[in-house]
Amino acid sequence: MKTAIRRQMTINPEVMDALNGQIALEMHASASYLAMASWCDQRELLNSKAFFYKQAEEERAHGMKIFNFINETGGAAISPAIPEVNNDFESLREIYEKSLDQEIAVTQSIYKCFKAARNVDDFASEVFLQWFVNEQIEEEDTVRSIIDIFDLMEGMPLKMIDERLPTE
């Protein structure tokens, strides 16, 4: 009978720590998006509700992707505590602006992880993180485009604006 042998750690410990921090950020973003989806749901803003529920799932999936990568490379992924999230918003536009701020913070954190991997020649982590770099470009662009719709439709009824927003 063979015994399970723990894989040798190939991830750099410094990079592992940065990625564990990224997991916490992704999971917090997921929880924030749930709060945003709930706010939209309560106001029957159907497109925005669908958009933010999808965003919540995506951020959780990103966190899980990093979690699994750390463990697959012999590191120790840490399940994060989620700090309290804001559930009170003044307007739909404010929600999208906060969403953009959150995406920018995630992007900056991904860049820090990428730099950490590059600085210690952790090539596997650097290649892994390239997907996230590309994903964040897309995420920021999507939210910026939505905010542009608000600018174009200023003064229009909220439901009319929501009907023109993407659900994905």
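The values are calculated or read from the model by the stated rules, or taken from the named source; none is laboratory data. Everything numeric here is computed off the predicted structure, so don't read it as measured data. Note that each Cβ is placed from the backbone with ideal geometry, even for glycine, and that neighbours are counted across all protein chains shown. Quick note on the areas: whole protein, heavy atoms, side chains included, nothing else; ligands and nucleic acids left out. Shrake-Rupley method; radii C 1.70, N 1.55, O 1.52, S 1.80 Å.
Given the conditions (1) part of a helix (DSSP H, G or I); (2) open to solvent by 50 Å² or more (accessible area, probe 1.4 Å), report the number of the one that residue 95 does not fulfil.
(2)
Can you work out which of the residues in the range 29-78 that are of a type in the set (S, T, N, Q) and in contact (Cβ under 8 Å) with a residue 24 or more places away in the chain is nearest to residue 15 (Cα to Cα)?
73
Restricted to the range 60-88, and to residues that are more than 15 Å from the chain's Cα centre (by Cα) and assigned to a helix (DSSP H, G or I), which residue is surrounded by the fewest Cβ atoms within 10 Å (Cβ to Cβ)?
The extreme case among them is 68.
Go through the residues of the range 120-129 one by one and say whether even a single one is open to solvent by less than 90 Å² (accessible area, probe 1.4 Å), closer than 26 Å to residue 61 by Cα, outside any helix (DSSP H, G or I) and out of contact with any Leu (no Cβ under 8 Å at 6 or more places or on another chain).
The answer is yes; a qualifying residue exists.
Can you find even one residue in the range 134-151 that is basic (Lys, Arg), surrounded by 14 or more Cβ atoms within 10 Å (Cβ to Cβ) and out of contact with any Leu (no Cβ under 6 Å at 6 or more places or on another chain)?
Checked the range 134-151: no residue is basic (Lys, Arg), surrounded by 14 or more Cβ atoms within 10 Å (Cβ to Cβ) and out of contact with any Leu (no Cβ under 6 Å at 6 or more places or on another chain).
Out of all the residues in the range 152-168, which are without any contact (Cβ under 8 Å) to a residue 60 or more places away in the chain and open to solvent by less than 90 Å² (accessible area, probe 1.4 Å)?
Residues satisfying the conditions are 153, 155, 156, 157, 160.
Check whether at least one residue in the range 39-48 is crowded, with 17+ Cβ neighbours inside 10 Å, in contact with a helix residue (DSSP H, G or I) (Cβ under 6 Å, 6 or more places away or on another chain) and not in a helix (DSSP H, G or I), and report yes or no.
Checking the range 39-48: at least one residue is crowded, with 17+ Cβ neighbours inside 10 Å, in contact with a helix residue (DSSP H, G or I) (Cβ under 6 Å, 6 or more places away or on another chain) and not in a helix (DSSP H, G or I).
Considering each of 18, 4, 61, 37 in turn, give the residue that is among the hydrophobic types (A, V, I, L, M, F, W, C) and at pLDDT below 95.
4
Do any residues in the range 123-138 that are in contact (Cβ under 8 Å) with a residue 60 or more places away in the chain have Cβ atoms under 7 Å from those of residues that are surrounded by fewer than 19 Cβ atoms within 10 Å (Cβ to Cβ) and outside any helix (DSSP H, G or I), where the two are at least six apart or on different chains, and which pairs are they?
Short answer, once both residue conditions are applied: 124/10.
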